[in-house]
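Novice: Structure provided below as structure tokens; questions to follow.
No value in this document is a laboratory result; all are computed from the given coordinates. Remember, predicted model here, so these are calculated numbers, not experimental data. Cβ atoms come from the backbone with ideal geometry, glycine included; neighbour counts cover every protein chain shown.
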Amino acid sequence: MVAAFAESLRTHDFSGLQLEEMIEIIKSEIRDEYLQDHSYPWVIGYSGGKDSTLVVHLVYEVLMDLPRSQRRREVHIVSNDTLVESPLVIGHIKESLERISDAAVVLRLPVVTSITTPNLDHTFWVNLIGRGYPSPNRTFRWCTDRMKIQPTSAYIKSKIEESKNVILLLGVRRLESATRAASVKRYDNGERLNRHNDLVGCEVFRPIVELTTDDVWEYLAEHDAPWGGDHQKLIKLYRDASGGECPIVTQKSDAPSCGSSSSRFGCWTCTVVDKDRSLEGFVDAGFAEFGPLLDFRDYLVAIRSDPNKRSARRRNGTITITDTGTFIPGPFTLETRHEILDRLIDLQRNQPVDLISAEEIDRIRQIWSDEITASPKSERAVTNIVKKVR
């Protein structure tokens with residue numbers, strides 16, 4: 001029976017099946033893979049959104065149904081916090097991971113939850129305010145690799161070093177979008193596990209790849225979370241934002257799914273999109289405190305194209321002109337970076353969460369100090385700004 005279920009999943013033949021039958025096929029496939037002879041740990045990329053929540057839900061149920069003697073493989077549920085996540089979304093992720101972890105202890109499940117963050121030198125503010133990187137856009141999206149891919153990949157690599165191999169479970173679905181369908185087809189080898197494109201020793205398992213969006217929502221709405229409670233808070237989060245999650249990204253080919261023209265949960269500072277529809281949705285739903293975040297994000301978009309805010313020279317001292325004669329300005333000037341930090345600290349005073357950490361401010365000061373050692377006036381300006389948060 002399990003072999004037949006597995007064959008149905010691998011051949012993508014769900015035609016004529018009811019949702020509960022499809023879910024049983026998927027759970028049987030999960031169970032069969034978990035009980036394989038090797039002991040490679042599992043890593044589930046958890047963004048807090050509907051698809052990754054369903055994957056965690058189904059894996060959790062499979063573990064609960066297994067005898068304790070067969071729960072030999074560790075399951076790591078890993079989220080990534082870019083440190084500029086939408087406040088409501090990162091709050092939901094932290095709360096749900098805590099519930100998942102607490103229940104795992106009680107139920108004696110081999111589940112480990114973790115939240116990765118970017119290296120201090122790779123955070124959004126250290127690069128934008130410290131080094132003067134212009135606000136990201138579609139042609140210069142410097143944020144995704146530093147803030148999303150590298151932290152999650154580092155976690156996976158650490159598990160590969162410990163166990164030689166890792167199986168990465170992702171809530172990827174073929175019908176999510178045309179781009180996603182093309183990506184699934186490109187890496188689909190016809191087997192249950194596909195080799196990761198960038199991480200040696202990592203194989204990818206996509207258990208819900210053939211489900212539709214309606215399938216996902218129907219199952220989450222009709223079934224309580226196995227770690228306790230239900231999924232109503234997640235459903236309300238989507239309704240308020242009218243959006244979707246920015247999924248866990250572990251390779252550059254996945255990057256276009258974040259910051260697309262559709263509305264997604266992601267960084268509140270995201271300047272890749274024309275409008276932050278999800279944050280606008282939260283404001284319209286009554287979260288007025290996030291209105292100033294939208295204004296600040298729009299300010300970052302506006303100054304990116306202002307030649308008075310950016311240096312004529314690149315950081316290496318050169319002036320860049322394209323083949324068509326277009327002049328490409330360099331980083332934000334030091335005065336502009338002073339301005340951004342000043343505004344950000346003013347904004348932070350009226351927010352329920354920290355928007356920039358003391359460690360980031362200290363690192364920014366170090367970077368500026370290297371740049372302005374011959375300018376006491378600039379050093380005094382930095383000192384005056386930093387005093388506001390001391």
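Novice: Output needed for the stretch 39-284: three equivalent-ellipsoid semi-axes, defined as square roots of 5 times the C-alpha gyration tensor eigenvalues, in descending order, whole Å.
Specialist: Working: eigenvalues 149, 91, 67 Å².
After diagonalising the Cα gyration tensor, the semi-axes are 27, 21, 18 Å.
Novice: Highest mean first, what order results for 338-350, 80-92 on Cβ atoms within 10 Å? Write down the numbers at each step before the final one.
Specialist: Values: 338-350: 16.2, 80-92: 21.8.
Going by the mean number of other Cβ atoms within 10 Å, highest first, we get 80-92, 338-350.
Novice: Which of the aspartates and glutamates could be linked to residue 164 by a straight reach, that is with a Cα gap under 17 Å, when you skip same-chain ones fewer than 8 residues away?
Specialist: Reachable aspartates and glutamates: 37, 74, 198, 203.
Novice: Given C-alpha coordinates of the stretch 32-145, what is the ratio Rg to Rh with the Kirkwood estimate of Rh?
Specialist: Values: Rg = 17.6 Å, Rh = 16.2 Å.
My calculation puts Rg/Rh at 1.09.
Novice: Amide H of residue 113 versus every other amide H placed in the peptide plane: which residues, excluding those fewer than 5 positions away on the same chain, fall under 5 Å?
Specialist: Counting only residues 5 or more places away or on other chains, the set is 77.
Novice: Compute the signed sum of charges (Lys and Arg +1, Asp and Glu -1) over the other residues within less than 15 Å, Cβ to Cβ, of residue 76. Don't skip to the end; give the middle numbers.
Specialist: On the way: positive: 71, 72, 73, 157, 159; negative: 74, 161, 162, 203.
Around residue 76, the surrounding residues sum to +1.
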